[in-house]
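Worksheet for the structure shown next.
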Amino acid sequence: MNIEQTKMKMWKSGFWTLSMLCLLFIALFANQIKMLVGIGETHTPTNTITVNGTGKITAIPDVATFSFSVTQTAATVAAAQTAATAQTNKAIDALTSAGVASVDIKTLSYNINPHYDFQGGCNGSSGICTPSKSVLTGYDVSQTMQVKVRDLSKAGSLFTTIGSLGVQNVDSLQFSIDNPETVTNQARALAISNAQIQAQNLAKELGVKLVSVVGFTDNSASPTPYPVMYAMSASDRGSTAVASPEVSGGQQQVTENVSVTYEIR
C-alpha cells in the first residue's frame, strides 16, 4: 500500500512539473511570436506638435582672401613660363616677407594658350587691302593665385604691395570666418533653445505635456564669405607711392533655423 501511494505521489508530482514546463514553453513561444511580428515596426506617435526655432550670432570675420593674376607672353612656351614664374615668385616673396604664411598662398589656375595677332586688312594711307588672318606670334602663360590674410590690419597694405609689382587683376577681396563650424554650432544651440521655449509655451496653452523629441530638421545653410568691391586700378599698378586702401571686415550675422517635432500627451 505504501508503494502504491508513493507511486501516486511521484506521478502527481511529475505531472505537475510537466504541466508547468509546458506552460512556460507556451509563454516563451508566444513571446517569440510577438517579437517576430514586431520586427520592422516602429512606434509612430499620433499626437505631435512641430515648432520652428531661430538662433542668430553676430561674428567678426577673422580672415580675408584676395586673388591676383600674372600673365606673360613670349615667342615660346618655355620663355613665357620662365617670365610668369619669375613674376609670381617675386609676388610670393613680397607676401611672405609681409608675414603671410606659405600655406595661405595657393594657385587657383594655371593656363597656357597660343597668342594670335590679326594681320592684314586695309591700309588707310595706301588704300591697299590684303586678306586678314590670324597669325600665331607666341604663347600666353597666366597664373592666378589666392592669398589668405589672417592679420586683417595688413589686408590693405598687401593689396598695395601686390599692385606695385605689375601683376594683373588684384581683386576678389572677401572677408570670412576661418572656423565657421564654431559659430554655426552656437547659433544652432540658440535655435534649439528657442524651439524648446516655444514648444513649452504651446504645450501649456494646449493643456498637454511634452514627452520626447521625435523629429528634428536643420533648415540652415553654412555661412558664406561676403565680397568687398575693391580692385587695383590700372594707374595704381607699378607705383610704390599708392596709399594703402582702408578695408574693414565689419560684422557677419550667422542665422540657424531648426524645426523640432515633439510627441505630446
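The values are calculated or read from the model by the stated rules, or taken from the named source; none is laboratory data. The model shown is predicted, which means the values in this text are computed figures rather than measured ones. Here Cβ is always computed from backbone atoms with ideal geometry, including for glycine, and neighbour counts include all displayed protein chains.
If we keep just the residues of the stretch 99-129 that are of a type in the set (Val, Ile, Thr) and modelled with pLDDT of 90 or more, which is surrounded by the most Cβ atoms within 10 Å (Cβ to Cβ)?
Among those that are of a type in the set (Val, Ile, Thr) and modelled with pLDDT of 90 or more, it is 100.
Mind checking whether some residue in the stretch 145-156 is among the acidic types (Asp, Glu) and more than 30 Å from the chain's Cα centre (by Cα)?
no
Matching residues to (1) closer than 16 Å to residue 71 by Cα; (2) of a type outside the set (S, T, N, Q); (3) part of a strand (DSSP E or B):
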site: 120; (1), (2), (3): no, yes, yes
site: 133; (1), (2), (3): no, yes, yes
site: 137; (1), (2), (3): yes, no, yes
site: 140; (1), (2), (3): yes, yes, yes
site: 146; (1), (2), (3): yes, no, yes
site: 157; (1), (2), (3): no, no, no
site: 160; (1), (2), (3): no, no, no
site: 165; (1), (2), (3): yes, yes, no
site: 173; (1), (2), (3): no, yes, yes
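For the stretch 184-199, which residues satisfy the criterion of being of a type in the set (A, V, I, L, M, F, W, C) and surrounded by 20 or more Cβ atoms within 10 Å (Cβ to Cβ)?
Initial filter on the stretch 184-199 (of a type in the set (A, V, I, L, M, F, W, C)): 187, 189-192, 195, 197, 199.
187, 191, 195, 199 - these are the residues of the stretch 184-199 that are of a type in the set (A, V, I, L, M, F, W, C) and surrounded by 20 or more Cβ atoms within 10 Å (Cβ to Cβ).
Give just the number: which of (1) touching a strand residue (DSSP E or B) at 6+ places or on another chain (Cβ under 7 Å); (2) in a helix (DSSP H, G or I); (3) within 30 Å of residue 64 (Cβ to Cβ) does residue 111 not satisfy?
The single condition residue 111 does not satisfy is (2).
Taking only the stretch 201-217 into account, find how many residues are surrounded by 14 or more Cβ atoms within 10 Å (Cβ to Cβ) and assigned to a helix (DSSP H, G or I).
Count: 2.
Which one of these does residue 175 not meet: (1) farther than 30 Å from residue 116 by Cα; (2) surrounded by fewer than 19 Cβ atoms within 10 Å (Cβ to Cβ); (3) not polar (S, T, N, Q)?
With respect to (1) farther than 30 Å from residue 116 by Cα; (2) surrounded by fewer than 19 Cβ atoms within 10 Å (Cβ to Cβ); (3) not polar (S, T, N, Q), residue 175 is out only on (2).
If I go through the stretch 170-205 residue by residue, how many of them are touching a residue at least 40 places away in the same chain (Cβ under 8 Å), more than 17 Å from residue 261 (Cβ to Cβ) and among the β-branched types (Val, Ile, Thr)?
Number of matching residues: 4.
Every residue in the stretch 182-198 that is polar (S, T, N, Q) and within 12 Å of residue 216 (Cβ to Cβ), please.
Scanning the stretch 182-198 gives a single hit, 196.
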